[in-house]
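Written below as structure tokens is the structure these notes are about.
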Amino acid sequence: MLIDAHCHLDDPAYDDDRDAVVQRARSLGVASWIVSGTEPATWDRTAAVAHHTGGLATLGVHPWFADRVPDPASALQQLADRELSGIGEIGLDWARASQEAQRSRQRQLFRSQLALARERNVPVVVHCVRAYADVLQILTDDGLPDAGGLLHAFGGPLDAVRRATQLGLILSFGPQIGRDRAKKARAAAVAAPLEHVVVESDGPEPGHTATVLQTLATLRGEGVEVLTHRTTRNLRRLFPHL
């Protein structure tokens with residue numbers, strides 16, 4: 001059984017054919033998925049879609065939407081008032097934040113949500129673009145929850161693989177490993193210890209996870225069945241209810 005470690009099946013564009021998307025995924029052997037919320041305005045929707053489709057929801061404020069949260073303390077309280085299986089998608093994205101004020105806001109939201117995850121002892125799902133040094137430093141300084149964490153769509157350098165796995169993080173690899181130009185992501189997918197590896201679609205079609213797994217098997221020279229079993233087991237260490 002294969003599980004998509006990160007998707008956005010709650011995308012409104014799929015309201016008319018979401019059940020067909022789910023059926024396609026299951027026909028390809030993808031049995032379940034984690035749907036990650038991105039901002040307070042859509043958390044109810046994310047949770048409802050995950051429940052309806054047989055997946056699991058994590059909720060958080062995505063760094064892309066940090067500027068949409070006028071009152072971070074209020075957003076954090078809204079998050080704290082919910083029943084949580086995990087907090088995410090949270091993190092840093094320097095491609096979307098060129099000014100220091102924007103980066104400071106992202107850091108504030110990341111650290112406050114990370115603190116809540118430690119308090120509630122739920123895993124975190126972390127988004128990181130062009131900010132691996134900063135993300136890993138915050139995770140080192142502040143600490144992960146005992147429940148652990150996942151770095152989704154991992155595409156960092158080999159040094160980030162080493163630092164992340166030393167922290168106990170799971171690395172999730174998505175469709176980018178199928179692109180020849182994604183040299184860092186492909187090298188990381190080969191180098192990462194298998195006990196720290198999972199796969200994801202990173203989109204509204206969880207069925208794409210099956211293609212990612214096949215690519216991973218080719219890159220690593222390992223069997224699809226072995227990788228299916230191991231990646232599922234790794235993900236269930238973080239999310240036992242999957």
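Within the stretch 43-91, if we keep just the residues that are touching a Phe, Trp or Tyr at 6+ places or on another chain (Cβ under 9 Å) and of a type in the set (S, T, N, Q), the residue that is surrounded by the fewest Cβ atoms within 10 Å (Cβ to Cβ) turns out to be Gln78. Considering the stretch 92-105, and only residues there that are modelled with pLDDT of 95 or more and among the polar types (S, T, N, Q), the residue that is surrounded by the most Cβ atoms within 10 Å (Cβ to Cβ) turns out to be Gln102. Among the residues of the stretch 50-97, those identified as of a type in the set (Asp, Glu) and over 22 Å from Ala153 (Cβ atoms) are Asp71, Asp81, Glu83. Checked against the criteria, Val226 does not count as under 25 Å from His62 (Cβ atoms) and either over 18 Å from the mean Cα position of the chain (by Cα) or buried (at least 22 other Cβ atoms within 10 Å of the Cβ) (or both). Filtering the stretch 32-58 to residues that are part of a helix (DSSP H, G or I) and under 15 Å from the mean Cα position of the chain (by Cα) leaves Thr46, Ala50.
Identify all residues within the stretch 148-191 that are farther than 17 Å from Leu219 by Cβ and either basic (Lys, Arg) or surrounded by 19 or more Cβ atoms within 10 Å (Cβ to Cβ) (or both); write none if there are none. Gly148, Gly149, Leu150, Leu151, His152, Ala160, Arg162, Arg163, Ala164, Leu169, Ile170 - these are the residues of the stretch 148-191 that are farther than 17 Å from Leu219 by Cβ and either basic (Lys, Arg) or surrounded by 19 or more Cβ atoms within 10 Å (Cβ to Cβ) (or both). When the criteria are applied in full, Ala101 fails the requirement of being touching a helix residue (DSSP H, G or I) at 6+ places or on another chain (Cβ under 8 Å) and within 24 Å of Asp134 (Cβ to Cβ).
Scanning the stretch 21-31 for residues that are in a strand (DSSP E or B) and surrounded by fewer than 22 Cβ atoms within 10 Å (Cβ to Cβ) yields a single hit, Ala31.
Looking across the stretch 192-204 at every residue that is charged (D, E, K, R) and crowded, with 19+ Cβ neighbours inside 10 Å, the one that is farthest from Tyr14 (Cα to Cα) is identified as Glu200.
On the stretch given as the stretch 148-201, residues that are closer than 17 Å to Gln214 by Cα and part of a helix (DSSP H, G or I) total 12. State whether one or more residues within the stretch 129-144 are of a type in the set (Val, Ile, Thr), assigned to a helix (DSSP H, G or I) and either over 19 Å from the mean Cα position of the chain (by Cα) or exposed (fewer than 15 other Cβ atoms within 10 Å of the Cβ) (or both). Yes, that holds for at least one residue.
The residue that is nearest to the chain's Cα centre (by Cα), counting only those in the stretch 205-216 that are part of a helix (DSSP H, G or I) and crowded, with 17+ Cβ neighbours inside 10 Å, is Thr209. Evaluation of Pro70 against the conditions (1) assigned to a loop (DSSP other than H, G, I, E, B); (2) in contact (Cβ under 8 Å) with a residue 40 or more places away in the chain; (3) not hydrophobic (A, V, I, L, M, F, W, C) shows that the sole unmet condition is (2).
The values are calculated or read from the model by the stated rules, or taken from the named source; none is laboratory data. Keep in mind that this is a model prediction, so the values were computed, not measured. No Cβ is skipped: glycine too gets one built from the backbone with ideal geometry, and neighbour counts run over all protein chains shown.
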